1. By how many nm would the segment from H40 to R156 lengthen if fully extended, with 0.36 nm per residue of separation less the alpha-carbon distance?
2. Which three semi-axes in whole Å describe the equivalent ellipsoid of segment 67-182, each the square root of 5 times a Cα gyration tensor eigenvalue, listed largest first?
3. Can you tally the net charge around Q30? Count Lys and Arg as +1, Asp and Glu as -1, for every other residue whose Cβ sits under 13 Å from the Cβ of Q30.
4. So if I place +1 on the C-beta of Lys and Arg and -1 on the C-beta of Asp and Glu, and nothing else carries charge, what would the dipole magnitude of the chain be about its Cα centre? I want it in debye, nearest 20.
5. Given the C-alpha centroids of segment 133-153 and segment 162-231, what is the distance between them in whole angstrom?
6. If the only charges are +1 at each Lys and Arg Cβ and -1 at each Asp and Glu Cβ, what is the size of the charge dipole of segment 27-146 around the Cα centre, to the nearest 20 debye?
7. Where in segment 34-76 does the label zone of H91 land, with the point 7 angstrom along Cα→C-beta and an amide N cut-off under 17 Å?
8. When the Kirkwood hydrodynamic radius is evaluated over all pairs of different C-alpha atoms of the chain, what value in angstrom, to one decimal, is obtained?
Amino acid sequence: MSSFSYILLAFMWSCLNSMQANEMRLTTAQLKYFNSNALHRNALTWSGYYWPNSTLVYSVGKGMAFADYLLVMNAMADISARTCIKFRRTHNLKEPQVNLQRTDDGCWSDIGYLGEWQTLNLGKGCMQRGIIQHELLHSLALLHMQNDPRRDRYVRINLANIEEGEQHNFQIYHSDDFQLGYDYASLMHYGAYAFSKNEKPTIVPLKRGVKIGQRIGLSAKDVQKLRIMYC
Ligand SMILES: [Zn+2]
């Protein structure tokens, strides 16, 4: 695929994404974790949401065509090749697993290992490696870059341009950056116009000339973060 096609796809995704209300599905317990004070958070530790043995267990569910599954396997293989993370398909219904499905048009995922059945949905428009990997990284317990507690030093959030009811997508969550620093190039960064109600940017990088919201693939720091978490 040409780089132009990638850019076009990435742009299309950011348009699609701007209409998508709940793409990163935190559980009530996870929201409670982020809303609790620092001491309580440390006691719980986010690492409880990492997959045991660095192995994400998944099953192929409703609506997934064989061609979709091949794309997902390709996306997984790329993550495995660059980290120690493994992906294992299961047919055992009792095992905790990410059920890959296509039951609605959205691209969305539960976050981290939940120790039960959890879901990753890949609707039409999500079947591109970078988007699949974005959702897989959510399943592996990664949040969005713009939720980082240090983000205000790197981007300006234009609250006035955000659709009503979507402000929660720009909330700060007290997650660890493992001293990697802010990453404009992250696959987990939203685009400049995410959830815009007026075609004006909602996220403006404070550094001139940088681009945000790429959906081509894992950035160098995305890879480093996964390695610190899992390897
Ligand atoms: Zn996301």
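1. Numbers: separation 116, 0.36 × 116 = 41.76 nm, distance 2.90 nm.
Length difference between fully extended and current span is 38.9 nm.
2. Details: eigenvalues 152, 63, 41 Å².
Whole-Å semi-axes of the equivalent ellipsoid: 28, 18, 14.
3. Values: positive: R25, K32, R41; negative: D110.
Here the charged neighbours net out to +2.
4. On the way: 25 positive and 19 negative charges, 106 e Å.
Around 500 debye, computed over the chain.
5. 6
6. Numbers: 11 positive and 8 negative charges, 40 e Å.
With only Lys, Arg, Asp and Glu charged at Cβ, the dipole is about 200 debye.
7. Output list for this probe position: 58-62, 66.
8. On the way: mean 1/r = 0.0555 Å⁻¹.
One decimal place: 18.0 Å for the Kirkwood radius.
Readers should treat all values here as calculations from the given coordinates under stated rules, not as data from a laboratory. In this text the structure is predicted, and so the values were computed from the model without any measurement. When we count neighbours, we look across all protein chains shown, and the Cβ atoms used for this are built from the backbone with ideal geometry, even at glycine.
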